[in-house]
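Please read the structure below before turning to the comments.
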Amino acid sequence: MTENAPRQSCCGHAGDAAEPLELLQSAPAAGSEEMAECPVMAGTTVHKATAVSKGLYRDFEGTRYYLCCAGCGPRFDADPNKYATAASA
């Protein structure tokens, strides 16, 4: 992928950093305590309350991880340690 090519998420969303995702609509500013980063799609910001309301989160070893879309759930479930480690790095 070239630097200027649109990025594509695990769910097929295309665009710069997968911003068109539904969880970004009407979300608070990035850096807010209400926001998190999807551990599967690094760089994708997620509104925590919206993710919870849609079931797009996973609890692993005492930490809650918020997912940007339904496609990230199975990926996280397949190797939670991989994504938990990446999220804490």
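The values are calculated or read from the model by the stated rules, or taken from the named source; none is laboratory data. Fair warning: this is a prediction, and the values are worked out from it, not measured in the lab. Using ideal geometry, Cβ is built from the backbone for each residue, glycine included, and neighbour counts are taken over all protein chains shown.
Remarks
- Of all the residues in the range 36-51, those that are of a type in the set (D, E, K, R) and either without any contact (Cβ under 8 Å) to a residue 40 or more places away in the chain or buried (at least 19 other Cβ atoms within 10 Å of the Cβ) (or both) number 1.
- The residue that is modelled with the lowest pLDDT, among those in the range 60-89 that are part of a loop (DSSP other than H, G, I, E, B) and either surrounded by fewer than 15 Cβ atoms within 10 Å (Cβ to Cβ) or not aliphatic (A, V, I, L, M) (or both), is Ala89.
- Unmet criterion (only one of (1) surrounded by 14 or more Cβ atoms within 10 Å (Cβ to Cβ); (2) modelled with pLDDT of 95 or more) for Ala17: (2)
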